[in-house]
Structures are given as structure tokens and as C-alpha cells.
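Colleague: Provided herewith is a single structure, encoded as C-alpha cells, for subsequent inquiry.
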Amino acid sequence: MPRRMTDFLDEAVKTHPDKVAFTEEERSLTYKELQEEAYKIAMPIIKAGFRKKPVALYFDKSIYCISSMMAVAYSGNFYSVIDTEMPVERIDKIFDVLEPELVITDLKHFEKAKDFFCEEKIIVVEKLDASEISEKAIENSKAKVLETDVLYVLFTSGSTGIPKGVVTPHKAITNYVNSFVEAYKMDENCIIGVQIPFYYVMTALDIYGTIAVKAHAYLIPKSKFMFPAYLVQYLHDNKINLLSWVPSALCMIANTNAFSVADLSEIKTVIFGGEVMPIKQLKAWQKAVPGAKYINGYGSTEITDGCTYYIVDREFNDEDILPIGIPFSNSDVLVIDEEGNPITEGVGELVIRGDSVTYGYYKDPKKTAEVFIQNPLNNCYPETVYRMGDLVRFNKYGELEYYGRKDFQIKYMGRRIELGEIEANVSSIDGVAENCCVFDSVKKRIILFYSGSIDEKELLKVLKTKLPDYMQPRKVNYLSEMPHNQNGKIDRKFLASQI
């Protein structure tokens, strides 16, 4: 059983050395070529002589980024992927926390990298020489890596304006990979279409899942997502059969009815996560690609992406809540009330335990202690669990249902309201493409932002048949296009800043 992520690649090279692992516009690499490239990049890191230290990766979504991830792991250090479209000011904030020893980048981004890091400590992958590889040095380095060592630190937004770095060890990602491979029935026949940027936690499946099952992944160019018709044609031409995308990317195809461009019957598995998948657009996918299995994946960066999943196995009304399902193997869930007591009925906060729980926040013990807590059901020995900050409840099938963030729950007109419930009902209305609710705490009102073809008066008229008066938005803003952040999610923070 692989214990470190590099073990998965080593195993793939032994069994499938000449199989193509990853394809991008410029090139493809087999598993053997991927390992050789990783070795080449690992050598200057090993020669630098440091271990268990941070290394920043500054690439677009590319094979060079993947081989650099593996290189850092082989060297016994850990990486952080930096968004190349991120302002230098935010990179500086991340580096103030991370204090990386090196930056690895490519020629395309070398000049820009010099704006925030000293040139002497920047490694440019195209300038490295394969003749420098020492397999003995690689093996010696690899032998010292433990499954409890850190693989990466992934930075997310912090409420204070300081990015939070989530510290993820090898054992967390290997446990998670083994769990979703089993749950999703992934194997070497998977052809994966990669949508997610590599600084986002959902790439665990795209990158490490691909390597674990010796599959083939296509890094879909960002430009394809600007034109749904071209995107559908790309999926068809490359016979892609597995998607793990954020819902807004799937909704883009559904909302434009781009299914008619090409036959997508090769797709056998569609996984969505990161935000709520609207039932209406899910139905459009089910109608267009009826032979596929649809899976709602749920989790967060702090638990190595996923902790529960639901394979869609029944019909839903447009305003229904899609379950987030059951825990992956080797994971467990608790639901606690406001006093921290476990409950089995009603809405409470979700708590996760298991090997996929990460170590906490980099150089931030105070923030870590707030949400990485002692298991409230265990007072006999140390056992860290993670408080999700998400509100859930068990349905009659024993599945979990998501009711929104604790910080999306508002107290309005004497009642507790989940903004996510309003959004689900708005999504069910014909003519609505996307929507988001925010609460104006100054004027004490619910504000709805939406895009689509329906006008505001008609939308509110239909919504009055679906929701009680106290849940009705008091202001509606139509947008020709909803704003999205770099992860492809609706940009709630930006919308909240507009009220």
C-alpha cells in the first residue's frame, strides 16, 4: 500500500512506464517521462541541502507544475502552488507566512517571478539538465520521507486578510486518494478532463487520482471554458470519460445548451463539488448524458478535499436539496449542536474525523486551535477532529444534507434562515442561470443577485409561491454575468462588497 504520494508514481512507472499520464496543448508525458522530469527538477533542491522546507511553485495549470510537485516530494520538502494571476501584493502576504526556500517556475513566468523573489533562488525548469540526475541521491532522499511528513501547504482566503496555509501530510492525501478511487470505481481506463486550477484542493483527484490508477488526464486549456461549444467538442474529440468540476463550469454548458455540439456519451462519471450543484442544471446533464454516473462530492481544504459523497440514485425536484451523502471509507462524521453536543436529528455543525484531517494552519496555532479540536465524544486520549463550519442534518435515508455555512446563517425577522435554502429555490426557477444571496447587516435585508433571462418582477412573483414572506429577498440585482473567483465559484465576497 503506497504511504507517500511518490510511491504512487514509482508504482505507475513499474507497471505502465510508456502509458501517457498527462496531456496539455504543448506536449504529453508518459509515466516514465514524468518521473524523469521530476528527478531532473528534484536534483537542485536536493543539492541545496535542505529538508522539510517550503518550496513555491509558480506555474499555470501545466505538466511542469505536476512534475515539480513530485520533484519537491522526492526531495523531502513540501510545496505551495501560487496562482500566476494573483497580484504581487497577495503573493507577498503568502510569502511572509510561508518563507519559501526556493521558487520553481518556467521561462514564461521567470521575469514575473523576479518581482517577488530573489533571482538566485529561482529554479527555471527548462534550464535544467537531465545529465545531472543521480538516482542514488534521489533514492537516499526518498528513503527519509515519512508518511507523516508534509506534502503541501495550500493557501486559502483568511477573514483577517492574511491567507491561511493548510498543512497537508502525505498520509492525508494517500488516505483520501485510496478512498475516492474505491468509492468512484476509478481505474486505468479513466480519461480525465481537468478543469480545476492546481492551487485549488479539488485537483487531488485530477493529479493524484490519475497517477494512483495509472489513468490519462487532459489539462483542458482555460480558453476552452470561455466558449462552451468548443469545450464540448474538446471533450468529445479526446474521448474524455470522467469530469471532476466545480458546478459553475457544468452549469455553463447546461445553461447554453452546448450539448448539441457533439456526442458526450463517452462520459461515464461526472463529479461536482466546491459549491452547491443546482438541481435544474443537474437534470439537464442527466438528460443530455443519461449513461453517466453523477456524484456530489463534499469537503474542504482542511480535510484534504473530500469527506463525504453522494452518488445520485433518485429523482429530485428543482427546489430540493441534493444530499452530500455518506463518509468515505476511513472517515467519520459527527453533527454537533451550538453547545458542542452530538445530535442525530435537526440541523447542526459538521465535524470530521479520520486520516484525511490535515495538520492545521501554517504558523497559526491560534487559528488552528479554533477549528482543529479534541473529539467531543472522546475525553480519554488526544484525537483531533475538524469543525467544518457547515450546517448539515441527516435525512430519512441516513444521508447528510448541506444547509449552508454557519456564517451564511442569518437571524432575520426573529427566525434563523439559511441563505442556501433561498438560493436553491431561486435556482429552480426557469430563466435563472446562476444566483447568490447576501445579507445586508446594516439595512437588515436579504439581497439576491442573479443572471439569466427572467426579469426581476417575474422572478419575485414565482419566488413568492416557493418561500414564506420572511425569506423573500428585499432587493434583487440582475447581472448579465455572475462574477466568479479563480476557483470558478461564485464570488460571494465581491457581491457582498457591492451592497
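The values are calculated or read from the model by the stated rules, or taken from the named source; none is laboratory data. Nothing here was measured: the structure is a model prediction, and the numbers come from that model. Don't worry about glycine lacking a Cβ; one is built from the backbone with ideal geometry, like all the others, and counts go over all protein chains shown.
Colleague: For the range 257-277, which residues satisfy the criterion of being at pLDDT 90 or above and within 22 Å of S427 (Cα to Cα)? Step through it out loud before you land on a result.
Modeller: Of all residues in the range 257-277, those at pLDDT 90 or above come to 258-273, 277.
Listed by number, the residues that qualify are A258, F259, V270, I271, F272, G273, M277.
Colleague: Find the helices (runs of 4 or more DSSP H) located wholly in the range 197-304 whose residues include 1 or more that are under 23 Å from P483 (Cα atoms), and list them.
Modeller: Those helices (runs of 4 or more DSSP H) span 228-237, 247-256, 279-288.
Colleague: Check M471 against each of (1) surrounded by 14 or more Cβ atoms within 10 Å (Cβ to Cβ); (2) closer than 15 Å to P278 by Cβ and name the one condition it does not meet.
Modeller: Of the numbered conditions (1) surrounded by 14 or more Cβ atoms within 10 Å (Cβ to Cβ); (2) closer than 15 Å to P278 by Cβ, the odd one out for M471 is (2).
Colleague: In this structure, is V438 more than 15 Å from Y412 (Cα to Cα) and of a type in the set (V, I, T)? Lay out the reasoning, then the answer.
Modeller: Values: more than 15 Å from Y412 (Cα to Cα): no; of a type in the set (V, I, T): yes.
No; evaluated as a whole, the condition is false for this residue.
Colleague: Name the residue that is modelled with the lowest pLDDT, counting only residues in the range 149-185 that are under 25 Å from R51 (Cα atoms) and of a type in the set (S, T, N, Q).
Modeller: T156
Colleague: Being charged (D, E, K, R), within 15 Å of K61 (Cβ to Cβ) and assigned to a helix (DSSP H, G or I) is the filter here, so list the residues in the range 71-117 that pass it.
Modeller: K108
Colleague: If I ask for residues that are more than 15 Å from V124 (Cα to Cα) and of a type outside the set (G, A, S), which ones from the range 27-42 would you list? Explain how you work it out, then say what you get.
Modeller: Looking only at the range 27-42, we keep the residues that are more than 15 Å from V124 (Cα to Cα), and these are 27-36.
Of everything in the range 27-42, those that are more than 15 Å from V124 (Cα to Cα) and of a type outside the set (G, A, S) turn out to be R27, L29, T30, Y31, K32, E33, L34, Q35, E36.
Colleague: What residue, among those in the range 264-285 that are polar (S, T, N, Q) and surrounded by fewer than 22 Cβ atoms within 10 Å (Cβ to Cβ), is farthest from V246 (Cα to Cα)? First the steps, then the outcome.
Modeller: Filtering the range 264-285 down to residues polar (S, T, N, Q) leaves 265, 269, 281.
Next, only the ones that are surrounded by fewer than 22 Cβ atoms within 10 Å (Cβ to Cβ) stay: 265, 269.
Details: S265: 20, T269: 14 Å.
The residue in question is S265.
Colleague: Still on this structure: If you take the residues of the range 452-496 that are more than 24 Å from the chain's Cα centre (by Cα) and of a type in the set (G, A, S), which of them is farthest from E319 (Cα to Cα)? Spell out how you get there, then give the answer.
Modeller: Applying the first criterion (more than 24 Å from the chain's Cα centre (by Cα)) to the range 452-496 yields 452-480.
In the following step, the residues that additionally are of a type in the set (G, A, S) were identified as 452-453, 480.
Details: G452: 17, S453: 19, S480: 23 Å.
Among residues in the range 452-496 that are more than 24 Å from the chain's Cα centre (by Cα) and of a type in the set (G, A, S), the one farthest from E319 (Cα to Cα) is S480.
Colleague: What are the pairs with Cβ atoms under 6 angstrom where one residue, in the range 345-368, is in contact (Cβ under 8 Å) with a residue 12 or more places away in the chain and part of a helix (DSSP H, G or I) and the other, located anywhere, is surrounded by 17 or more Cβ atoms within 10 Å (Cβ to Cβ) and of a type outside the set (D, E, K, R)? Sequence gap at least six, or different chains.
Modeller: Every condition considered, the pairs that remain are K367/Y361.
Colleague: Among the strands (runs of 3 or more DSSP E) lying completely within the range 398-499, list those that include at least 3 residues that are in contact (Cβ under 8 Å) with a residue 24 or more places away in the chain.
Modeller: Details: elements: 400-405, 409-412, 415-418, 432-440, 445-452, 475-478.
Of the strands (runs of 3 or more DSSP E) lying wholly inside the range 398-499, those with at least 3 residues that are in contact (Cβ under 8 Å) with a residue 24 or more places away in the chain span 400-405, 415-418, 432-440, 445-452, 475-478.
Colleague: Here's a follow-up. For the range 376-386, name all the residues that are free of Cβ contacts under 8 Å to residues at least 40 places away in the same chain and either in a loop (DSSP other than H, G, I, E, B) or touching a helix residue (DSSP H, G or I) at 6+ places or on another chain (Cβ under 6 Å) (or both). Step through it out loud before you land on a result.
Modeller: Start the filter on the range 376-386 by keeping residues that are free of Cβ contacts under 8 Å to residues at least 40 places away in the same chain, which leaves 378-384.
Matches in the range 376-386: N378, N379, C380, Y381, P382, E383.
Residue-by-condition table, conditions (1) among the acidic types (D, E); (2) farther than 27 Å from Y234 by Cα; (3) touching a Pro at 6+ places or on another chain (Cβ under 8 Å):
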| site | (1), (2), (3) |
| --- | --- |
| V13 | no, yes, no |
| E26 | yes, no, no |
| A56 | no, yes, yes |
| G76 | no, yes, no |
| K93 | no, yes, yes |
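Let's see how each residue does on (1) surrounded by fewer than 18 Cβ atoms within 10 Å (Cβ to Cβ); (2) closer than 24 Å to I122 by Cα; (3) among the basic types (K, R); (4) touching a Gly at 6+ places or on another chain (Cβ under 6 Å):
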| residue | (1), (2), (3), (4) |
| --- | --- |
| D18 | yes, no, no, no |
| E25 | yes, no, no, no |
| P44 | yes, yes, no, no |
| R51 | yes, yes, yes, yes |
